[in-house]
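Chemist: Sharing a structure below in structure tokens format, with a few things to ask.
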Amino acid sequence: MSRSSSLYLSTERFTALYHIRCTSAEVEARARDICIEQTVEFPETLITSTAIRDQIIGRVVAIEAIGEDRFEVGIAYPVETAGRELTQLINVLFGNISIQPSVRLVGFDLPESLRQHYRGPRFGRAGLRTLLDVHDRSLLCTAIKPMGLSPTELAELAYRLALGGIDLIKDDHGLSDQTFCPFDERVARCAEAVARANRETGKRCLYLPNVSAPATEVARRARLAKQAGAGGVLFCPGLCGLDAMRTLAEDDTFGLPILSHPAFQGSFCVHPDSGISHGVLYGQLNRLAGADATIFPSWGGRFAYTRDECLDLVDGTTREMGSIKPIFPVPAGGMRLDRVGELCRFYGRDCILLIGGDLHAQGPDLVASCRRFGELVREASNDLDGDRRRHPPAGAQR
């Protein structure tokens, strides 16, 4: 390699945290390998440029044992390696090493010089509450399903859900642009149905169609959804890309809330010794990419996420990220009405509860089932207020 005499980088760096499973004799070498693989990806012994060695290659800033043959490793990368692009930032954080076994990205911290390139969520928690004019309880969410219903049938379903007091009605993520349910017709009919219910109830229910689509089609569907009167959109960054979601979120001509769906992302986090932690994948990365709320399979449902993994995820939705707003966690995946109190106690008031099939399982009166959902959430919120009054935080005035 030829020498580089014109490389003058700032001294500013951003830090990534990894969990590595290996022996204590191996950990320093493993950490150094990550530093090289995630930057120069070149045999270190062949790098003759002192500037590249000193300025480009990542630096190990911390190694801490966290269990038997488990270590937390902090690596600092030059801010310049991430450029000004989300795609490249993710590449530096977890590009090639995502292919290696026993390495897991569990957190990252960005200086303002990098954060300034990302608007993050347009609404976030506070903005979405303002949009819905709901400030004292968890939000209610459900999906229109099953696949196979016609646009007219789905619109009637959306109308009844909105009439029952649901705050957010999303397309099921499996609804796209199928011949039996074309996107354009479905969105127009469902948006009109929800608007009609809102006129009757005086509430602000939002309909969120699924705009996950081929790259050249996302913007058209998002624009059509807004023109039809949709209150937001559902987006699957695992299918379409985190930067595609960021592009939509930062488009001022669009300007609607985005609900992120985890389709195709499960394998990133299911093994505790590899991939990406729940807090990073569903929390930090979704926030950088502009999601206002993040759906995930909660403990106790059809999937296998644990309580601790869900707590890590919630932490990722609120973790300090400068001007990047906190977002709503949306526990889902087989949630039931009889667990509403338990879920509210676990997640607190600042969550969106997504219950789908169980609303239909309560009986033929779907409107009544939705209203019962709302009553249970209000009761749980009142119980939380009572608990706080009985057990105020340390240092609180009595």
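Chemist: Pull up the DSSP beta bridges for the chain and report the antiparallel fraction as a percent, rounded to 5.
Modeler: 50 percent
Chemist: Give the relative contact order (percent, whole number) for the chain; include only Cα pairs under 8 Å separated by 6+ residues.
Modeler: RCO, the chain: 16 percent.
Chemist: Something else about it: Run through region 56-103 and list the trypsin sites (Lys or Arg not before Pro) located in a DSSP loop whose Cβ has at most 15 other Cβ atoms within 10 Å.
Modeler: Values: sites: ARG59, ARG70, ARG84; in loops: ARG84.
Those satisfying the criteria are ARG84.
Chemist: To continue, here is another question. Evaluate the charge dipole of region 193-345 about its Cα centre and quote only its size in Debye, nearest 20, assuming +1 on the Cβ of each Lys and Arg and -1 on the Cβ of each Asp and Glu.
Modeler: It comes to approximately 700 debye.
Chemist: Take the Cα atoms of region 256-323, find their three principal axes, and give me the spread along each one in whole Å, biggest first.
Modeler: 31, 23, 19
Chemist: What's the center-to-center distance, using Cα atoms, between region 45-89 and region 201-231 in Å?
Modeler: Answer, in whole Å: 40.
Chemist: Where Lys and Arg each count +1 and Asp and Glu each count -1, what net charge lies around ARG339 among other residues with Cβ under 12 Å from its Cβ?
Modeler: On the way: positive: ARG336, ARG345; negative: ASP338, GLU342, ASP358.
Residues near ARG339 contribute -1 overall.
Chemist: Please name which of GLY74, SER6, LEU285 has its Cα lying farthest along the dipole of the chain towards the positive end, using unit charges on Cβ (Lys, Arg +1; Asp, Glu -1) and the Cα centre as origin.
Modeler: Farthest along the dipole direction, towards plus: LEU285.
Chemist: Among VAL233, VAL211, LEU161, which residue has its Cα furthest toward the positive end of the charge dipole of the chain, with +1 on Lys/Arg Cβ and -1 on Asp/Glu Cβ?
Modeler: Value: LEU161.
Chemist: Place a +1 charge on the Cβ of each Lys and Arg in the chain and a -1 charge on the Cβ of each Asp and Glu, then give the dipole magnitude about the Cα centre in debye, rounded to the nearest 20. Each step should come with its number before you reach the end.
Modeler: Details: 46 positive and 50 negative charges, 219 e Å.
Dipole about the Cα centre, nearest 20: 1060 debye.
Chemist: Report, in deg cm²/dmol and to the nearest 500, the calculated mean residue ellipticity at 222 nm for the chain, where each DSSP H run with n ≥ 4 adds -39500 (n - 2.57) and the sum is divided by the residue count.
Modeler: Counting only the DSSP helices, I get -11000 deg cm²/dmol.
Chemist: Can you tell me how region 168-244 classifies by the Cα gyration tensor, rounded, prolate or oblate, using a/c under 1.5 as the rounded cut?
Modeler: prolate
Chemist: Another one. So for region 219-311, averaging the separation of alpha carbon pairs under 8 Å that are six or more residues apart and normalising by length, what relative contact order in percent results?
Modeler: It comes to 26 percent, rounded to a whole number.
Chemist: Using a 1.4 angstrom probe on heavy atoms only, work out the carbon and sulfur share of the accessible area of the chain in %.
Modeler: Ligands and nucleic acids excluded, carbon and sulfur reach 51 percent.
Chemist: Go through 327-340, 213-226 and give me the packing order, highest mean Cβ count within 10 Å leading.
Modeler: 327-340, 213-226
Chemist: Something else: Explain nothing, just the number: relative contact order of region 145-186, from Cα pairs under 8 Å at least 6 residues apart, as a whole percent.
Modeler: 56 percent
Chemist: Right, something else. Please list, by residue number, every one of the chymotrypsin sites (Phe, Trp or Tyr not before Pro) in region 150-233 that is coil in DSSP and has at most 10 other beta-carbon atoms within 10 Å. Intermediate results must be reported in sequence, preceding the final value.
Modeler: Working: sites: TYR159, PHE180, PHE183, TYR207; in loops: PHE180.
Hits after loop and neighbour filter: PHE180.
Chemist: With unit charges on the beta carbons (Lys and Arg positive, Asp and Glu negative) and the dipole taken about the Cα centre of the chain, which residue among SER267, CYS344, THR318 sits farthest to the positive side?
Modeler: So the residue we want is CYS344.
Chemist: Per the Kirkwood treatment, what hydrodynamic radius in Å, one decimal, follows for the chain from the mean inverse distance over all distinct Cα pairs? Each step should come with its number before you reach the end.
Modeler: Details: mean 1/r = 0.0443 Å⁻¹.
This gives a value of 22.6 Å.
Chemist: Can you sort VAL377, VAL270 by 1.4 Å-probe accessible area, starting with the largest?
Modeler: VAL270, VAL377
Chemist: Also: Mind putting a number on the dipole of region 139-225 about its Cα centre? Charges go on the C-beta only, +1 for Lys and Arg and -1 for Asp and Glu, and I need it in Debye to the nearest 20.
Modeler: Once rounded to the nearest 20, the dipole reads 280 debye.
Chemist: Rank these residues by their accessible area, most exposed first, probe 1.4 Å: ARG246, ARG378, ARG302.
Modeler: Of ARG246, ARG378, ARG302, the descending order of accessible area is ARG302, ARG378, ARG246.
Chemist: Can you bin region 255-398 into rounded, prolate or oblate? Criterion: square roots of the alpha carbon gyration tensor eigenvalues sorted a ≥ b ≥ c, rounded for a/c under 1.5, prolate for a/b above b/c, oblate for the rest. Don't skip to the answer; put the middle values down first.
Modeler: On the way: a/c = 1.68, a/b = 1.14, b/c = 1.48.
Verdict is oblate for region 255-398.
Chemist: Also, quick follow-up: Per residue, how many Å² of accessible area does the chain show with a 1.4 Å probe?
Modeler: That works out to 44 Å² per residue.
The values are calculated or read from the model by the stated rules, or taken from the named source; none is laboratory data. Given the structure is predicted, the values throughout are model-derived calculations rather than measurements. Here Cβ is always computed from backbone atoms with ideal geometry, including for glycine, and neighbour counts include all displayed protein chains. For the accessible areas, the whole protein counts, side chains as well, though only heavy atoms, and no ligand, DNA or RNA atoms are used. Shrake-Rupley method; radii C 1.70, N 1.55, O 1.52, S 1.80 Å.
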